[in-house]
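Derivation of every value follows stated rules applied to the coordinates shown; laboratory data play no part. Computed from a predicted model, the values in this text were never measured in an experiment. Virtual Cβ from ideal backbone geometry, glycine too; neighbours counted across all protein chains shown.
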Amino acid sequence: MKIRLSSIAHSRAGDKGNTLILSLIPFDKDDFEFLERTVTAERVKAHLAHQVKGEVIRYVLPELRAFQFVCFDALSSGVTTSLAMDAHGKSLSYALLEMEIQDYTKG
Amino acid sequence: MKEKIRIGCGAGFSGDRIEPALILVEKGNLDYLVLECLAERTIALAQKRKKQDPTTGYDVLLERRIEGLLPLLQKHQTRLITNMGAANPLAGAEKILEIARRQGLKTSVAVVLGDDVFGQISGEEPSMEGNKALKSYGNLVSANAYLGVEAILPALQSGADIILTGRVADPSLFLAPMVFEFGWSQSDVDLMGKGTVVGHLLECAGQITGGYFADPLTKPIPDMHILGHPLAEISRDGSAVISKVAETGGAITVQTAKEQLLYEVIDPGNYFTPDVIADFRPVSFREIGKNLVQVTGGTGKAKPNSLKVSVGYEAGFIGEGEISYAGAQALTRAQLAGDVVEKRIAHLFDEFRVDFIGMSSLHGAELSQDHSPYEIRLRIAGKAKDRRLAQLVGEEVEALYTNGPAGGGGARKYLHEVIGVVSVLMDRQKIKSGIKLFES
């Protein structure tokens, strides 16, 4: 069975120019390793392909039990000049959380 | 010298609410209140206002914020540090003195100068974003360097009640009073890193107390209609406890703190400011009570030799038009309407875009499949160098009333001027800061 990322993690979107920055934080810190295996930079790039034209880099933060996804060329030129409705990309945390992942049983 | 200081953050952007700052000063037992009101583009817009009228160019809400705050700041012996000076801190200081005189109060303002480096920009410099000469973007209107602690410190040492700046790095607004009160050495990269962590956590105000966080199902936050803004009690060793005034709304938890720590951070191991290259990776949070989160860890490396300079340029005009469709075939009628306008005018624009609000305007078509909304709002946007051409977008959408699909309602049109922002690096030795004192 598949579940959505939104059921086990939360996220906040930020922007720097044309770069979209998405954090990913599990509600239960024991899900950190599962997320580390499952939500790779490649998967995020594929999931947000319509939005992110450039590279996606993932930072793994074990002390914080969190991840940071930095997505380049992702905000149709950036907040000051973009024609998009949501020029900052502030709503895109919830686009990441739409990702479907395999359900799992906690060990 | 103090062992602990208390700094509150009463505004996290130029349009932020006014009342949380008043509550912080009244009940937060603060040594310092910080108001962070300057986004990247705000200063370029302010620069344009200043050109038309040299007595303006400071934050448009400065007068309202200071009118409410000034009596409270005096009563509670709280100093204010704010970047509301925007493109014209000198005129902002005059305005503050005028308000003080009107209110029968005595105050002093130290203005931090030196961020405006427009005169030092030739236009040939390559941008950090595209490695293209600045002037290739368009007519340049502003260039402001991100100043840091070393520029703010003399203003604090002057003893002024209010420190008014233009462009400074947001965390520096918070780090400067820590350096001043604790006598930290600016070359102590560990303390500079820790203080920057605290500044970064506070700088967006409500974003650490539940704002931009709340989700009624997965992340419920109480009493958001009276959301409190944060304050930190910082110890000499750089650790801090983040809290808020009792009986305000919102929540401060490890979750809200983690989301804010990572907000807008490109590389958590190398967060560049004028004061330090901070490392957020060793930061840890602990809830030591309700709405009390202790922050420890964080460190840094030596500050960079260059400062970032934000350069504003004229980027044309954006015209927009919106119209709604509801009921049977709402989406297909909206699609027909979009098609009509696209066929008529899209070829005239540098950039053109058709959105279906309620369907796919935020996350694109792919993630929006399998939804069939009852109503749809068509939104069309176009960017052009010419104001009149940009205006055409809204006019064409409005004309759909009588020339477009059945049942189109609620048309609106908008036009705004676009100021783009790009960045360059500048040798920090070339940027000279200074202060100017004002007293009422």
Review point. Using modelled backbone amide H atoms (1.01 Å from N, in-plane), which distant-in-sequence or interchain residues come within less than 5 Å of residue B:107's amide H?
Key: B:440
Point to revise | Segment residue B:375-residue B:415, length gained on full extension (0.36 nm per residue, minus Cα span) | key: 11.9 nm
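Dividing the alpha-carbon radius of gyration of segment B:311-423 by 2.2 N^0.38 Å (N being the number of residues), what value is obtained?
Details: Rg = 14.7 Å, N = 113, 2.2 N^0.38 = 13.3 Å.
With N residues counted in segment B:311-423, Rg over 2.2 N^0.38 Å equals 1.11.
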Check your understanding: Can you list, bin by bin at 20 Å, the percent of alpha carbon pairs in chain B, starting at 0?
Key -> 23, 49, 26, 2
Revision key, fill the gap. Helix B:189-202: inclination vs chain B longest Cα principal axis, degrees, rounded to 10, gives 50 degrees
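Treating only the Cβ of Lys, Arg, Asp and Glu as charged (+1, +1, -1, -1), what charge dipole size does segment B:277-429 show about its Cα centre? Round to the nearest 20 debye. Display every interim value, and only then the final one.
Values: 19 positive and 19 negative charges, 137 e Å.
So the magnitude is around 660 debye.
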Exercise for review: Taking just the C-alpha trace of the protein assembly as shown, give me its Rg and Dmax in Å.
Suggested key: 24.1, 74
Exercise for review: Note down the net charge around residue B:48, summing +1 for each Lys or Arg and -1 for each Asp or Glu among other residues with Cβ under 13 Å from its Cβ.
Suggested key: +1
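Enter the mean number of other protein chain beta carbons within 10 Å of the beta carbon of each residue in A:16-25, as an integer.
Values: counts 6, 9, 2, 3, 0, 6, 1, 9, 1, 5.
Mean shielding count: 4.
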Check your understanding: Spin-label point model (7 Å from Cα, Cβ direction): what's the residue B:74 to residue A:4 distance in nm?
Key -> 5.4 nm
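Can you tally the net charge around residue B:340? Count Lys and Arg as +1, Asp and Glu as -1, for every other residue whose Cβ sits under 12 Å from the Cβ of residue B:340. Walk me through the intermediate numbers first.
Numbers: positive: B:333, B:343, B:344; negative: B:339, B:342, B:396.
Net charge around residue B:340: 0.
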Check your understanding: Size of the dipole of segment A:2-102 about the Cα centre, Lys and Arg at +1 and Asp and Glu at -1 on the beta carbon, nothing else charged, in debye to 20?
Key -> 140 debye
Practice item. Using only Cα atoms, find the angle between the long axis of helix B:330-345 and the longest principal axis of chain B, and express it within 0 to 90 degrees, rounded to the nearest 10. Key: 90 degrees
**Study point:** Phi to ³J(HN,Hα) by Karplus 6.51 cos²θ - 1.76 cosθ + 1.60 over segment B:260-276, Hz, x for Gly, Pro
**Key:** 6, 4, 8, 4, 6, 9, 6, 10, x, x, 9, 9, 7, 9, x, 9, 5
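Once every DSSP H run of n ≥ 4 in chain B is given -39500 (n - 2.57) and the sum is divided by its residues, what mean residue ellipticity at 222 nm do you get, rounded to the nearest 500 deg cm²/dmol? Kindly include the intermediate steps, with their values, before the conclusion.
Details: 12 runs with 127 residues, N = 440.
For chain B, the value works out to -8500 deg cm²/dmol.
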Review point. Among all the lysines, which ones have a C-alpha under 27 Å from residue B:436's C-alpha, if same-chain residues fewer than 8 places away are not counted?
Key: B:2, B:48, B:50, B:51, B:75, B:95, B:106, B:303, B:308
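Under 8 Å for C-alpha pairs, at least 6 residues apart: give me the relative contact order for chain B, rounded to a whole percent. Can you show the working numbers first?
Values: 1045 pairs, mean separation 79.6, N = 440.
Relative contact order for chain B comes out at 18 percent.
Which whole number gives the average count of other chain Cβ atoms within 10 Å of the Cβ atoms across peptide B:253-261? Spell out each step's value before the answer.
Details: counts 0, 4, 3, 1, 1, 8, 8, 3, 6.
For peptide B:253-261, the averaged partner shielding equals 4.
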Review point. Which listed residue (A:25, A:94, A:11) has the Cα farthest towards the positive end of the charge dipole for segment A:2-102, taking +1 on Lys and Arg C-beta and -1 on Asp and Glu C-beta about the Cα centre?
Key: A:94
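Considering all alpha-carbon pairs of chain A, what whole percent are spaced by more than 20 angstrom?
On the way: 2016 of 5671 pairs.
Across chain A, Cα pairs with separations above 20 Å total 36 percent.
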Point to revise | Relative contact order, percent, segment B:31-154 [alpha-carbon distance under 8 Å, six or more residues apart] | key: 25 percent
Study note, to complete from the structure: Magnitude of the Cβ-charge dipole (Lys and Arg +1, Asp and Glu -1) of the protein assembly as shown about the Cα centre, nearest 20 debye, reported as 700 debye
Check your understanding: So what J values fall out for segment B:86-97 if you push phi through Karplus, 6.51 cos²θ - 1.76 cosθ + 1.60 with θ = phi - 60°, rounded to Hz, Gly and Pro as x?
Key -> 6, 7, 8, x, 5, 5, x, 5, 4, 5, 5, 4
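Taking R0 as 35 Å, what FRET efficiency do you get between residue A:63 and residue B:290 from their Cβ-Cβ distance, rounded to the nearest 0.05?
Details: r = 24 Å, r/R0 = 0.69.
E between residue A:63 and residue B:290, to the nearest 0.05, is 0.90.
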